[in-house]
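Written below as C-alpha cells is the structure these notes are about.
Each value in this text was obtained by applying a stated rule to the coordinates, not by laboratory testing. What you are looking at is a predicted structure, and each value in this text was computed from that prediction instead of being measured. So basically every Cβ, Gly included, is an ideal-geometry build from the backbone, and we count neighbours across all protein chains shown.
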Amino acid sequence: MTGKPLNPMSHFGKQLKKERLAHGWSLPELSRRTGIDAGHLSRIENGKRPPTEAIARACDAVFPERKDWFTEYYEDSRAWAPPGFLPWAEYEDKAARLSVWSPSVLHGLLQTEDYARALLETALEVTDEILAARLENRMSRQQRILMRDNPPLTCWIIDHTSLYRLVGSPEIMAAQMRHLAEVARLPHVTVQVLPAIAHPATQSGLMIADDAAYAEHVAGGYVYVDQDRVIGIERLFDKLRGECYRVSESLATIRKAEELWTGASQVTAAPMAETA
C-alpha cells in the first residue's frame, strides 16, 4: 500500500468540510443548522476530534443527498478500534488527568511508529489497509492527547517485562526505550516502572480520565463512569503504583533496557547472533 495511510476519522472530517463548502456554508452557518458548536465542528473537520453518533446523524439531517453516509461511515469506523473503545475518546480528549497501566507491552500513547506497526501486525486477519488505518489513528491520538495546548497530567505505570519483550527488532526496541525516556522527562508526565512481581492487575490494562475509567482485556474493553467502579479502579492503580520503582530508579531502568537492546550486552547479543 502506498501513500499516506487512511485515517477513518480524518476522512469523516474531510467529507464534512467538502459538503459544507459545496453548499457555500460557513462554520457558523453549519453550526446553526446542526446545533453543534462551530469550534467543535472545526476540530472534527481537521481530524482533531472524533465524531459521535449524534454528530453523524446531525450531518445526515443537513446533507440528505448523502443518503445517511455520515451515520453509516461512523458505524463502519467502529471496526477500526477495539470493541468498547470508541466512547472512551470523548473522556480522554477532555481529561485534565490520565492514569495508565498496560500489562506486557508499552501503552499505545507511548509507542514509536515502528514499535506500534510491529505490534499491530500481530493482530489476527489484519489487512494492509486496516494496519495502516490503525497505525495512523494511534499516532494521531498521541498528538491529540499529549501535544495539545493543555496536555493532561499523566502518570504511566510501565510493566518491567515490556522493556524486554522483543517487538519488531532490537533496533526498534532501542529507539522505543529512547523515546520512552524522552516522554518521561516531559513536565506533565510521570513514568514509573512496576517490577516483575505478583500484583492484582495482570489480566487487563486500564486508564483513568478524571471521573471515568476504561478497562481492556483480550476480547475488548468497557468504559465505566459510575463513581463506585471508578473509585475501585483508582484504588487498584494506586496499589500498583505503590509497588513501583521511584521515578529516578524507573528512568535508570529504562536506560538500562536501551543499552541492552543496542546489543552491547550479552543478554541481547546472543539472540541477535542466532537470528542473523
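What the table below lists for this structure:
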read-out	value
Magnitude of the charge dipole, the chain, Cβ model with Lys/Arg +1 and Asp/Glu -1, debye to 20	660
Cα-based convex hull volume of the chain per residue, rounded to whole Å³	147
For 245, 214, order by how many other beta-carbon atoms lie within 10 Å, fewest first	245, 214
20 Å Cα cut-off, lysine pairs counted over the chain (separation 8 or more, or different chains)	11
Sorted by Cβ neighbour density within 10 Å, fewest at the top, the residues 167, 191	167, 191
Of the trypsin sites (Lys or Arg not before Pro) in the stretch 84-136, those whose Cβ has at most 16 other Cβ within 10 Å and which sit in DSSP loop	94
Helix-only CD estimate at 222 nm, as mean residue ellipticity for the chain, using -39500 (n - 2.57) per DSSP H run (n ≥ 4)	-15500 deg cm²/dmol
Candidates per trypsin sites (Lys or Arg not before Pro) in the stretch 172-270, loop by DSSP, up to 10 other Cβ within 10 Å	185, 246
Whole-Å semi-axes of the stretch 113-185's equivalent ellipsoid (Cα gyration tensor)	22, 19, 10
Dipole in debye (nearest 20) - the stretch 147-257, about Cα centre, beta carbon charges: Lys, Arg +1; Asp, Glu -1	480
Relative contact order (%) - criterion: Cα under 8 Å, at least six apart; region: the stretch 8-80	35
Cα centroid of the stretch 24-54 to Cα centroid of the stretch 181-232, whole Å	31
Cleavage-rule hits, GluC sites (Glu not before Pro), the stretch 45-151, DSSP coil, Cβ neighbours within 10 Å at most 11	125
Net charge over other residues, Cβ less than 11 angstrom from the Cβ of residue 200 (K, R count +1; D, E count -1)	+1
Full-extension gain in nm, residue 42 to residue 188, via 0.36 nm per residue minus C-alpha separation	49.9 nm
Relative packing of peptides 31-41, 16-26 - highest average C-beta neighbours within 10 Å first	31-41, 16-26
Value of relative contact order over the chain, rounded to a whole percent, pairs C-alpha under 8 Å and six or more apart	19
